[in-house]
Amino acid sequence: MVEDISSTELDKIITENKVVFVDAHAVWCMPCRTLGPMLEEVHEKFHERGLKVVKLDVDHNREFSQENNITGVPSGLVYSEGKGVGVDDGHGKKTDKLVGVMPMEVYEQIATELLAQSSA
């Protein structure tokens, strides 16, 4: 199950898991409601291999949003082996965060690649 966390909990989660997807969302955001179940599915598929997916409400964690330059929701940040990593946006472009709802395959590909790297 994908947990809704605060920014104060995030550092511990990042250090305790191989790969972490952070879904920066807002309750008023309609695309966020579309992404939520998709990330739930990704979490279920990959959590036994070391993926943790968490949600973080940008309205309740404004400092985190500012520090990470989150200007639109949903925004997905990805951490691997304790560090923020750039990811392919599904169009061959490297980015520090995924803004908007991407096709399911993009999230699955990121999880597959990062989990393979972290276990190598």
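Only the coordinates and a few stated rules stand behind these numbers; no lab work does. Not measured: the values here are computed from a predicted model. Methodologically, a virtual Cβ is constructed for each residue, glycine included, from the backbone with ideal geometry; neighbour enumeration extends over all protein chains shown.
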Practice problem: Could you size up the charge dipole of the chain around its Cα centre, putting +1 on the beta carbon of Lys and Arg and -1 on that of Asp and Glu, and report it in debye to the nearest 20? | Solution: 220 debye
Practice problem: Mind jotting down the three principal axis lengths of region 1-115 based on Cα atoms? Whole angstrom, largest first. | Solution: 31, 30, 25
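Net charge around VAL73, counting only other residues with Cβ within less than 15 Å of its Cβ (Lys, Arg = +1; Asp, Glu = -1)?
0
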Quiz item: What does the charge dipole of region 1-68 about its Cα centre add up to, to the nearest 20 debye, if the Cβ of each Lys and Arg holds +1 and the Cβ of each Asp and Glu holds -1?
Solution: 200 debye
Quiz prompt | Residues whose placed amide H lies under 5 Å from that of LYS52, excluding near-sequence neighbours | solution = VAL19, VAL20, PHE21
Self-check item: Per-residue ³J(HN,Hα) for region 45-59, Karplus 6.51 cos²θ - 1.76 cosθ + 1.60, θ = phi - 60°, Hz, x for Gly and Pro
Solution: 6, 10, 5, 5, 8, x, 8, 10, 10, 10, 10, 9, 6, 5, 6
Exercise. Nearest 5 is fine: what % of DSSP beta bridges in the chain come out antiparallel, could you say?
Key: 55 percent
